[in-house]
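Computed from the coordinates by the stated procedures, all read-outs in this text should not be read as laboratory data. These figures come from a predicted structure and were not determined experimentally. Heads up, the Cβs are rebuilt from the backbone with ideal geometry, glycines too, and the neighbour counts pull from every protein chain shown.
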């Protein structure tokens, strides 16, 4: 049986260093998966991919379909096919999702694609404002972020769980982006309260990473423990 794979372009530590540009297009990312998340060159919004459609959520919290020629400095995608489906009949938040994942999945050292869809009483999101050269490091760029709270919305969360040992390469733990059913709003998810719906989980046993080949990435200082920076920037 073919093993499911998570494909990732670039690494989280690159964003922390302010490496916000590459020549990788959304169309090229889409060749590797139909589901996932990321950002756009210049940190111009949050990316959500679902059913092969890629959306850009701007700093004002609104969203629209992305152009396949747009470029990204960081993205993670997979071809989504659920291995586990669980109906949500009682309220669940981010902490509750973690408890549910521990019950439903084999263990914490694999990757998982996570899709929650249904009715949310609240979703708290943020989107970093588009950055301009000379680029600030991510710790400073998040000072420009705007937070939003969506109330009583049908919508979906799309993203991944990654093991603790991957911190810095990606975001360890949960990395989820929200988009409304009407696809007109969303953002990077800080917390949520889902009242009813379903969670679908895909077990990802393979991991592929493609690194940028530009000079700035090749010569950047990408080492060290960045855990506190990631916790601060990702929420």
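Observations
- Ranked 194, 101, criterion: other C-beta atoms within 10 Å, fewest first: 101, 194
- Estimated from helical segments only, the mean residue ellipticity of the chain at 222 nm is -4000 deg cm²/dmol, where each DSSP H run of four or more residues counts as -39500 (n - 2.57).
- For segment 5-234: span of alpha carbons on each principal axis (Å, largest first): 50, 35, 33
- Highest mean first, the peptides 214-222, 202-210 sorted by other C-beta atoms within 10 Å per residue fall in the order 202-210, 214-222.
- The mean sequence distance of close C-alpha pairs (under 8 Å, at least 6 residues apart), as a share of the length of segment 23-151, puts its relative contact order at 27 percent.
- Working from label points 7 Å from Cα in the Cα-to-Cβ sense, the residue 100 to residue 146 distance is 3.0 nm.
- When the chain is treated as a GNM with alpha-carbon contacts under 10 Å, the residue of 37, 110, 182 showing the greatest mean-square fluctuation is 182.
- Computed lengthening from residue 211 to residue 121, 0.36 nm per intervening residue step minus Cα-Cα distance: 28.5 nm
- Separation between Cα centres of segment 94-167 and segment 24-55, rounded to whole Å: 15 Å
- Three-way shape label, segment 1-60, alpha-carbon gyration tensor, a/c 1.5: oblate
- For segment 116-197: rounded, prolate or oblate by the Cα gyration tensor [a/c cutoff 1.5]: oblate
- Max mean-square fluctuation residue, GNM over the chain, Cα-Cα springs under 10 Å, options 201, 29, 88: 88
- Spin-label pair residue 228/residue 51, simplified geometry with 7 Å Cα→Cβ offset, distance in nm: 4.5 nm
- Using alpha-carbon coordinates, inclination of helix 94-104 to the longest axis of the chain, degrees: 70 degrees
- Contour minus Cα-Cα distance for residue 83 and residue 219 (0.36 nm per residue): 45.0 nm
- Taking all Cα pairs closer than 8 Å and separated by 6 or more residues, the relative contact order of segment 5-234 comes to 30 percent.
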